[in-house]
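Values in this text are rule-based calculations from the coordinates and carry no lab data. All values reported here derive from a predicted model rather than from experimental measurement. Please note: Cβ atoms are built from the backbone with ideal geometry, for glycine as well, and neighbour counts cover all protein chains shown.
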Amino acid sequence: MHQRILGVLVAVFAALLLLAPGVAAAQTPALDPAIAAAAKAQQKQQVEQPLNNKPVWDEVRSGVPLVTTVSGRETNVLIQPEGQTWRALRNSWFSVVAGWALVVLVLIIAAYYLINGTRQLAGKPTGRKVRRFSAWQRSIHWATAITFVILAITGLIILFGKNILLPLIGYTLFSWLSILSKNLHNFVGPLFILCTVLLFFTFVRDNIWRKHDFAWIGSFGGLFSGKDAPSGKFNGGEKLWFWGGVLICGVIVAASGLILDFPNFNQTRSTMQVANLVHITIATLFMLAGLGHIYMGTIGMAGAADAMRTGYVDETWAKEHHEYWYNDIKAGKIPGALDAPAGPAGKLEQKPA
Amino acid sequence: MARMKFLCDAERCIECNGCVTACKQENEVPWGVNRRRVVTMNEGVPGQRAISVACMHCSDAPCMAVCPVDCFYHTDEGLVLHDKDMCIGCGYCFYACPFGAPQFPQEGAFGVRGKMDKCTFCAGGPEPDFSEAEFKQYGRNRLAEGKLPACAEMCSTKALLGGDGDMIADIYRDRVLRRGKGAEVWGWATAYKVPPGKGTPPPAAAGGSKS
Amino acid sequence: MNIRSVSSVAILAAAGAMALVLSGCGERPQAVSYHQGSYSGKPDTPPYSDPPWNGNKQQWEDDMRQRVQNQNEYKRIGG
C-alpha cells in the first residue's frame, strides 16, 4: 500500500519535472515584435553610436502607447504629435475660411436684397386661404429652427468669440457668455438631433425628388428672373435644403458633435481632433445653407413666413410659387388643404394633414 | 533670470512615481486628475527608460493658441498658467497639448468636463498669493515661498530637475560629463558587458566613497 | 570706363560686402519671446511680491539660484 502511494508520488513529481521547462518557456513574456525591434535598434545604436540616442527619441515622439501606472485618458502616450496639426489647421484654414465664407454670404444676401428687395406676388391676393402646414409640422419646424439658431450662435461664439467679442465686451461678460454658450451648445445639441429626426420623417414624403425639380434648379428658382418655375409642395431649392442640409449636413454634424459632446467613452484625442474639424466644416456649410433658407423664408419672399407662422398661404401665393401643388389642391388630391382658417383657435388643425 | 523649465534625465528616472505622489500631496488635486505622470518605454525589455512628464510650459503654447476664451497667460518666468474662473471646460487644450498635460475632473453625468487643471510649476494662479482660493483652485504657490516645484525637489535620484533653464542645463551637462557617457550609461551594455574598445566603465562613485 | 573707375567700383563693392558680413556679428536680443495670447483675466502677482522679498526681484532670483543648486548633488554632497 505504502509503496503504491510512493510510486504515484514519484510519478507525479517526475511529470512535474518534465513539465517545468515547458512552463518556464510559457512564462517568458511574449514580446510584441514592434517593441522587440525597437529595443534591438536601441541596443545596436548603443554599440555603434554611443552618444546618439535617436531611436529612443524617435519612439518618444511616435505617439505609440507605452506603459504608465497613472490611469486616465491616453496617459500612456508620451508625446502626441497630431495636436500640433489640429491646432495649425483649426487656427488657420478652417476658422479663416469658415469665417470669411459666412461674412461673404451675408454680404451677398444683403446686396441682393438691396437691389431686388422683397419678392412680391405678381397677381393680386384673392383672400382665399390654402392650408400649407399642419400644427405639428409648424411645431417641429420651429423647434428645429430655434435649436439650430441657438447652436449656430453659440458655436460661432466658441470659434470666433475671443477674436471678435472678447475685445469688445471684456473679460467678465465674455467669460460668462462663453460658459453659457458651451453649456447651451452641449445640451441643445442632442435636442436638435431629436428635432431633426422628427422633422425628417415629417417632411420626407413631400420632398421626394421629381423631374420638374431639375427645371426649377435650372432656372435658379427665379432668383434672377423673379418668376418661380412650377413645383410641387416643395420646390427644388427646398428639397436641396432638405436632403443636403437637414439630412447630409445634419447627420455629419450630429455624429461629429456627439463624439465631442460625450467624452466619456474614452475616444482618443486624434478622434476628437478629426471630429472637431469635420464639425467646423460641415456646420459652416449648414449655416451657409441655413442663411439662404432663412432669407427666402423671411424678408426674401412675401408670404413665406406667414406660411410657417399661421400654416396658411394665399391662393395666389400657392399658384405663383408652387403651381403643381396648387393644381393638386384644385383637383382635390390633398385633403384638408382648402379648409378655411378658423381664426387663431385653429379648430381645423386637429384634422390630420 | 531665464525662463523656468523642467528637465527629466531618462537615464536616472527609476519610475518610482514619487513625483506623481509629491504633486498630488502638495497641490491636493481632485480625484481623477494627475498633473504629472511617469511613462515607461520598452517596459521589461532591454532599453527600458522612464520619463516623468507634466506641463512643459511651452514658449509657443498650443493650449494658449486654441483656447476659445484666452484663459492662459505667460508669467515673466515663462510659466504657462491659466484662469480657472474663465475656463469653460471645452477640452481643446487637451486636444492640442503634445504632452497630455491638461486634465479635466468629471463634473456630472456624460463626462461633462469641469474646469481644466494642469501643472502650475507650483506657482499657483491668478488669485492672491497663499489665499484659500488660490490653493483650492491651483494648488500650492511654492515659487512665492522661494521654493521650486515639489516633484523636482523631492526626486530621489534627481532625475527630474526644475528651475531656471540655464542652470538646470548646466547641472545636467556637468552630470553627463562626470558619468563620461551620455545616453547608454543606464543600459545593459554598461551593467553587464562593455563592448571591447567602446567606452569605459563609469568612473567609480567618487562622491559615495569620499563622504 | 577706365581702370580707376573700375577699381573704385570694386572697392565700393568690397566695402559693401564687408559691411554686410560685419552686420552678422551684431548683437541681437537673444531672449525668448513668448507667444502671449490676449489674456485679459485676473492679473497674477509675480512670485517675489510677498515677504520676505516684498518685490525685490533680484533677491528672489538669487535665492532661487541658490535653491536650484540643491538639485546638483555634485555640489550638495561634494564630488
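Here are a few things to note about the model shown:
- Checking the Cα-Cα distances for A:K44/B:K118; A:K162/B:K147; A:K211/A:K330 against a 26 Å cut-off, the pairs over it are A:K44/B:K118; A:K162/B:K147.
- Helices meeting the span-like rule in chain A (full DSSP H runs, Cα extent of at least 20 Å along the helix axis, mean Kyte-Doolittle score of 0.5 or higher): A:2-27, A:95-116, A:135-164, A:166-203, A:269-297.
- Across peptide A:169-176, the average count of Cβ atoms from other chains found within 10 Å of a residue's Cβ is 4.
- Exposed loop sites here mean chymotrypsin sites (Phe, Trp or Tyr not before Pro) with a DSSP loop assignment and at most 14 other beta-carbon atoms within 10 Å; chain A contains its longest site-free run at A:1-208.
- Candidate aspartates and glutamates - alpha carbon under 12 Å from A:K129, same-chain residues fewer than 8 apart omitted: A:D306, A:D314, A:E315, A:D339
- In the range B:28-118, the chymotrypsin sites (Phe, Trp or Tyr not before Pro) that fall in loop regions by DSSP, at most 11 other Cβ within 10 Å: B:W31
- Computed [θ] at 222 nm, helices only, for the protein assembly as shown once each DSSP H run of length n ≥ 4 contributes -39500 (n - 2.57): -15500 deg cm²/dmol
- Rounded D (µm²/s) - the range B:4-169, Kirkwood Rh over Cα pairs, Stokes-Einstein at 4 °C, 1.567 mPa s: 79
- Note on the range A:97-155: Rg/Rh from Cα positions, Kirkwood definition for Rh, rounded to two decimals, is 1.12.
- Convex hull per residue volume in Å³, alpha carbons only, for chain A: 329
- Here the contact order of the range B:4-169, divided by its residue count and restricted to Cα pairs under 8 Å and six or more residues apart, works out to 29 percent.
- Computed Kirkwood radius, in angstrom, where 1/r is averaged over Cα pairs of the range B:37-83: 12.9
- One compactness figure for the protein assembly as shown is 1.37, namely its Cα radius of gyration divided by 2.2 N^0.38 Å.
- Share of Cα-Cα pairs in chain C lying beyond 16 Å, as whole percent: 78
- Springs between Cα atoms under 10 Å define the GNM used for chain A, and in it the highest mean-square fluctuation of A:P335, A:P125, A:P55 occurs at A:P55.
- Selection from A:G257, A:L288, A:F234 lying farthest towards where the dipole of the range A:195-353 points positive, charges on Cβ: A:G257
- Loop-located GluC sites (Glu not before Pro) in the range B:72-163 (DSSP state not H, G, I, E or B) with no more than 13 neighbouring Cβ atoms inside 10 Å: B:E107.
- Listed residue pairs exceeding 30 Å between alpha carbons, taken from A:K182/B:K5; B:K115/C:K57; A:K182/B:K136; A:K54/B:K24: A:K182/B:K5; B:K115/C:K57; A:K54/B:K24
- Candidate aspartates and glutamates - alpha carbon under 20 Å from A:K40, same-chain residues fewer than 8 apart omitted: A:D32, A:E48, A:D58, A:E59, B:E11, B:E43, B:E184
- Across peptide B:82-90, the average count of Cβ atoms from other chains found within 10 Å of a residue's Cβ is 6.
- Chain A: relative contact order in percent, alpha carbon pairs under 8 Å with at least 6 residues between: 24
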